[in-house]
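Report on the following structure.
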Amino acid sequence: MISQIFILSSKGDHLIYKDYLHFIHVRQGGLYWVASTKTNPSPFTIIEFLNRLAALTKDYCGSLSEKSVRMNFALIYELLDEMVDFGYIQTTSTDILKNFIQTEAVSSKPFSLFDLSNVGLFGAETQQSKVAPSVAASRPIMSSRGEQSGKNEIFVDVIERLSVVIGSKGVLMKSDIQGEIRIKCFLPTSSGELMRIGLNEELSIGKSQQKGYSSAVRVDECRFHQAVKLDEFDTFRILKVCPSQGEQTVMQYQLCDELPCAPPFQLFPSVQKDYVNRVLIFLKLRCDLPPKSTALNVSITVPVPKGSVSMSQELSSPDQTAELQPKNKALLWEIPRFPGGAQLSALFKVDVPGLSSASLLEVGPVSMSFELAKQTCSGLQIRFLRLAPTQTGLSQRWVRYVTHSDSYTIRI
């Protein structure tokens, strides 16, 4: 039986669309929770399930909003996998689900132009608090006199948070990039200088603004601080602002469901039962960054069967560490530096009394945290950074890039 008929353009746009499905929805937290069926089941059952799904999402994520759903999509996918099996509702019981849900919720603190506490640069506190400090910085832009100063400085930081879900076959299932351009100004308060920040000339905003067949840098949406002048932005992609002392976020942007570059990491796992009470977990991790790039403070967390009591490991290099965390029912593998193009491996032998074949299903999904210095996943770059009028004293300008993992989940 045909359920839907489409006539699509070459770009995938709907030209003709005929639907023979039944749609049932509820509205909770400003979101529409929708289910579709081919048959005609009891609508009250579906409505009750959707309401229960919304309630569970709020319980696990802390709030119901578009942002909290985007930030916790890996957790919600895991909830759906446990609640529904091939379209058949299995359970909506919190007591049952808490034994199977391994993904931790990400706080949905509002992403405000004036609140800079939820994203940090180079080790400052972030929503992914497991990211440890680094001292990476990108290219310095010297003043015209070539003089250096330790105090009379200005920094422009491009900071991105990456959320990714990769399927068990290595296919990218979901991605989200949230970024901001932040100014840290240590110039004299009386300077009154106008700063001009040039972004990628080919930057497009929204899918409809993709320019021809070039490799344009695109974001879905962006917001600007009220002090930013945008008279040159539409034509030349230039932001103009008079920076004040301290920190100021001048632009925020987001790119959903598209990753312009390859995911930074690919995992090749193998899980099998060894002896009666031992499970072997072999992980081969490849860093797909450019050869001159390096990922820092890489942390891999793998849920293990409950009841795991001890673990031995074989790591491919001496600077790696690993430990079993019985209270968290997980093993932690840490790599301080991971060069682009490199491949590392680890074999974990986990002792689990009373191990059964069903216990192997408790292994995974894998979650990662890391920091990518000198790199943005969206491709957004600062072309130039100019001050006018030219300052008579000593000044130094810096542009820095960093990407933090917000939620990086790999199913196995």
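From largest accessible area down, sort Glu153, Glu48; use a 1.4 Å probe on the protein chains.
Result, largest first: Glu48, Glu153.
Suppose R0 equals 22 Å. What FRET efficiency, 1/(1 + (r/R0)^6) with r the Cβ-Cβ distance, do Lys229 and Phe384 give to the nearest 0.05?
Using R0 = 22 Å, I get an efficiency of 0.85.
One quarter of the convex hull surface, Cα atoms only: what value does that give for segment 2-98 in nm²?
Approximately 7.7 nm², given one-decimal rounding.
How big is D, in µm² s⁻¹, for segment 265-373 by Stokes-Einstein at 10 °C and 1.306 mPa s if Rh is the Kirkwood radius over C-alpha pairs?
This corresponds to a translational diffusion coefficient of 111 µm²/s.
Keeping all protein chains in position, work out how much accessible area Arg196 exposes to a 1.4 Å probe, and write it in Å² to the nearest 10.
50 Å²
For Lys184, what accessible surface area do you get with a 1.4 Å probe? Give it in Å², rounded to 10.
40 Å²
Which sequence of Val298, Val34 reflects their accessible areas, 1.4 Å probe, from the largest down?
Val34, Val298
Express in nm, to one decimal, how much length is gained between Asp220 and Leu361 on full extension, taking 0.36 nm for each residue of separation and deducting their alpha carbon distance.
47.0 nm
With label points built 7 Å along Cα→Cβ from the Cα atoms of Thr91 and Phe268, find their separation and express it in nm.
For the pair Thr91/Phe268, the computed spacing is 3.6 nm.
Just to verify a number: what accessible area does Lys229 come out at with the full protein assembly present, 1.4 Å probe, Å² rounded to tens?
Number for this one is 100 Å².
With the Cα gyration tensor of segment 203-331 giving a ≥ b ≥ c as the square roots of its eigenvalues, does the rule (a/c under 1.5 for rounded; else a/b larger than b/c for prolate; else oblate) give rounded, prolate or oblate?
Since a/c reaches 1.5 and a/b is larger than b/c, the shape of segment 203-331 is classed as prolate.
Need one number: nm distance between label points at Glu48 and His25, each 7 Å from Cα along Cα→Cβ, rounded to one decimal.
2.4 nm
Considering only DSSP states other than H, G, I, E and B, which chymotrypsin sites (Phe, Trp or Tyr not before Pro) in segment 240-327 qualify as loop sites with at most 12 other Cβ atoms within 10 Å?
Filter output for segment 240-327: Tyr275.
Using a 1.4 angstrom probe with every protein chain in place, what is the largest-first accessible-area order of Arg223, Arg182, Arg383, Arg52?
Solvent-accessible surface, decreasing: Arg223, Arg383, Arg52, Arg182.
Could you go through segment 37-44 in sequence order and give the Karplus-derived ³J(HN,Hα) for each residue, using 6.51 cos²θ - 1.76 cosθ + 1.60 with θ = phi - 60°, rounded to whole Hz, and x for Gly and Pro?
9, 7, 9, 10, x, 5, x, 5
At 1.4 Å probe radius, can you tell me the per residue accessible area of segment 2-98 in Å²?
64 Å²
Say R0 is 22 Å: what FRET efficiency, to the nearest 0.05, do Arg278 and Gln325 get from their beta-carbon distance?
0.75
What is the sum of charges around Ser308, taking Lys and Arg as +1, Asp and Glu as -1, for the other residues whose C-beta is under 9 Å from the C-beta of Ser308?
It works out to a net charge of +1.
Starting from the 7 Å offset along Cα-to-Cβ, what nm value, one decimal, do you get for the label separation of Leu347 and Glu201?
5.5 nm
The values are calculated or read from the model by the stated rules, or taken from the named source; none is laboratory data. If you're wondering where the values come from, they're calculated on a predicted model, not measured in any experiment. Positions of Cβ are generated from backbone atoms using ideal geometry, with glycine treated the same way; all protein chains shown enter the neighbour counts. For accessibility, only protein heavy atoms count, side chains too; no ligands or nucleic acids. Shrake-Rupley method; radii C 1.70, N 1.55, O 1.52, S 1.80 Å.
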